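Taking it in order: structure first as C-alpha cells, then the write-up.
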C-alpha cells in the first residue's frame, strides 16, 4: 500500500535549466496538491489538480511554473529557467474523492523533492 | 481567507515534561484544523485533526489538541515529552469549498527535547 511517491528526492539544477518534479499519488486518489517550503517557513499552497484539470492555481507564480496531472501517469510540477530563489522543498499531497457533503479531511504527503539551484 | 499563527519558532522541554505548542487560527467559516509533524528531511505526517466533531482530539504518539472557538485556538499538548518527539510541528487550517481542501499552514515550531 504505497503512499505518495515523489521523485527525485534531491535535484540540483544550474540557473536557467528546467526542473521537473514528479508525484505519484496514493493509489485511487484523484486529487493532488503541490506545496512549497522555503527555509524557515511553513508550507505554501501552490496548485490543486484533479485528473486532467487544474482546479486552483492561486498559489503558483505567474511565470516559469506549470503543473499537470494527466489521465495516466504522475503529476508533474515544472519549473522553467530556474533561479536561486526557486531553491526549496516541494511537497505533493493527495486525497481521495470527497463524499457528498463530506470534505476531504486528510491529505497524504510525500517526502518531498529538495531542489537546489546553483 | 484563513490564516494560522504559531507564536515562537522554537520550544525546548526536558524529557518527561509537558509539551505545549500553540496555534491560533483565523477563518470566516467553520474551519478544519490539523497538526502535522515533520522529521528532518522527511515529509509531513498527520498527528491529529479537528473536523467539527469532538473538540478534544486525540492523535498519534500521545498528542492531543483542543479546539476552542472562543479563543480561536487549537493548541497541541503531550503530557510527557520523549526524545523521539524532537521535530518540527505545523498547524494548518482548511475550509470545505467543494472538493478543494487546500491547507494553509503556520510557519512551524521546532521542538527540542533535552535529556
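The numbers here are math on the coordinates, done by the rules we state, and not lab data. Nothing here was measured: the structure is a model prediction, and the numbers come from that model. Backbone-built Cβ (ideal geometry, glycine too); neighbour counts: all protein chains shown.
Ordering A:86, A:56 by the number of other Cβ atoms within 10 Å of each residue's own Cβ, fewest first, gives A:56, A:86.
Computed over the range A:52-99, the range of Cα coordinates on each principal axis works out to 41, 19, 18 Å, biggest value leading.
Calculated translational diffusion coefficient of the range A:17-75 (4 °C, 1.567 mPa s; Stokes-Einstein with Kirkwood radius over alpha-carbon pairs) equals 105 µm²/s.
Spatially, the range A:69-86 and the range B:45-115 are offset by 30 Å when compared through their Cα centroids. Taking packing as the residue-averaged number of other Cβ atoms within 10 angstrom, the listed peptides A:40-46, B:81-87, A:108-114 run from highest to lowest as A:108-114, A:40-46, B:81-87. Cα-based radius of gyration for the range A:1-99, normalised by 2.2 N^0.38 Å, reads 1.05. DSSP finds beta bridges in the protein assembly as shown, and of those with both partners inside it, around 90 percent are antiparallel.
Per-residue mean of foreign Cβ neighbours for B:100-110 is 6 (Cβ atoms of other chains, 10 Å radius).
To the nearest whole number, what is the average tally of beta carbon atoms from other chains within 10 Å of the beta carbons of peptide A:35-44? If you can, show how the numbers build up before the last one.
On the way: counts 4, 0, 5, 0, 0, 4, 4, 15, 11, 3.
Across A:35-44, the average partner-chain Cβ count within 10 Å equals 5.
Considering only B:31, B:40, B:79, the mean-square fluctuation computed in a Gaussian network model of chain B, springs between alpha carbons under 10 angstrom, is largest for B:40.
Using the Kirkwood radius over Cα pairs, work out the Stokes-Einstein diffusion coefficient for chain B at 4 °C and 1.567 mPa s, in µm²/s as a whole number. Stokes-Einstein gives a translational diffusion coefficient of 91 µm²/s.
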